[in-house]
Amino acid sequence: MYTNQTQNNSAINAATSEGGESLTFKIVKLSLYALIFIISIIGNALVCIVIARRRRMRTVTNYFILNLAIADLAVTCICIPFDIPVQENGYIWPYGPFICKILWPLQTMCLFVSIFTLTAVSLNRFWAIVYPLRRQMTKGNATVVIILIWLLSLVLSTPYVMVLGIKGNYCEETWPNTGPYRKAYTLSIFVFQYLLPLTVISAVYVKIGIELRKCIGPHQTNAALYRAQQEDATKVVRMLIIVTVLFALCVLPNNIMWIWLDFGKGDSYEHFWHMVAVTNIILFANSATNPVAYTICHERFREEFKLYFTCDKRIFSNMQTSVFSRTFKSFRTSNGMDKSTPSTPDENIMICAKETVV
């Protein structure tokens, strides 16, 4: 959760300057940020490319995975490049009023999108497995749900936009003094961004697990086919559960810190802001763990990633060969010997593309 990032910025600056991050801590922190950034950008970009370019990967579940990858890319691109300079500058704001208004709310919105997407895909799997003979969600339905997810996330992040502004050298929240609005918003973020969705997801996957454990009766003529479909469904559900657990583990520490800050005066603890820095790293790491989980747990994603890199290597290799062939052409002679005709890079790309469509 990125809300309340701007609480007592002067206190943050004092704490970071007095307590001081050691050089070792700073090097490790920045190295982890760099690693997370690289893995997230490459991994989530590959997920987007594979789903967008491969027709067989355009399933309803993968539409939600694509949306999750887009949200992860947004978190990575927004958080690390813009957030690190703020942290390293003692939270003195280096940008301007517009970025102050949108940076942290955009981060908050992307986390809403992630958890709502995980909730939607769990409900879709539940319906497909528990009620397989009823009407299932189509790709068009999934697109509508994804649009609604982004709109709902925007609405829930709007109060944060309204209270942010430049005060002195800092980007700070200014809440009305007539009530506990700040605490109420912090609590609502925790409920809607963490507690409620994960409760729903947990209940759904328990029900799915019970359904998948049911035995197939001997009277069923298509038992073997049903078992194969059941195994495939189990693998997909297992992957989605792992992704959800990773989200829960990565997001919880940051939520705890902000609840501690607003309800328990956590900033009075000497190392509070160092702990916040660590929880931020764990939070950002979630964007990098998802593509790794897809690769480990989903055989089809593994195949597609491998095929993608194999095709790229073959295109590069064939391009080199074609350049060599242009220099040393041989022609068909009167005795019927074959000539070697170079293939163009475009032809090589077409060959590889045809192979990947199969």
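Regarding Lys265, is this residue at pLDDT below 90, out of contact with any helix residue (DSSP H, G or I) (no Cβ under 6 Å at 6 or more places or on another chain) and at positive phi? Yes. Within region 238-264, the set of residues being closer than 19 Å to His274 by Cβ and of a type in the set (D, E, K, R) comprises Asp262 only.
Could you tell me whether region 201-220 includes any residue that is under 13 Å from Ile115 (Cβ atoms) and modelled with pLDDT of 90 or more? Within region 201-220, one or more residues are under 13 Å from Ile115 (Cβ atoms) and modelled with pLDDT of 90 or more. Go through the residues of region 172-192 one by one and say whether even a single one is of a type in the set (S, T, N, Q) and under 27 Å from the mean Cα position of the chain (by Cα). Yes, region 172-192 has at least one match.
Taking each residue of region 161-188 that is farther than 21 Å from Asp83 by Cβ and touching a residue at least 12 places away in the same chain (Cβ under 8 Å) and looking for partners that are in a helix (DSSP H, G or I) and basic (Lys, Arg) with beta-carbon atoms closer than 8 Å, six or more apart or interchain, yields Trp175/Arg182. Scanning region 135-158 finds no residues that are free of Cβ contacts under 8 Å to residues at least 24 places away in the same chain, touching a helix residue (DSSP H, G or I) at 6+ places or on another chain (Cβ under 8 Å) and assigned to a loop (DSSP other than H, G, I, E, B).
Taking region 268-294 as the region of interest, how many residues are in contact (Cβ under 8 Å) with a residue 60 or more places away in the chain and among the hydroxyl-bearing types (Ser, Thr, Tyr)? Looking only at that region, the number is 2. Of the residues making up region 89-111, those that are in a helix (DSSP H, G or I) and without any contact (Cβ under 8 Å) to a residue 12 or more places away in the chain number 1.
The residues of region 77-131 that are small (Gly, Ala, Ser) and either crowded, with 17+ Cβ neighbours inside 10 Å or closer than 21 Å to Ile281 by Cβ (or both), listed by number, are Gly90, Ser114, Ala120, Ser122, Ala128.
The values are calculated or read from the model by the stated rules, or taken from the named source; none is laboratory data. Since we're looking at a predicted model, the values are computed, not measured. Here Cβ is always computed from backbone atoms with ideal geometry, including for glycine, and neighbour counts include all displayed protein chains.
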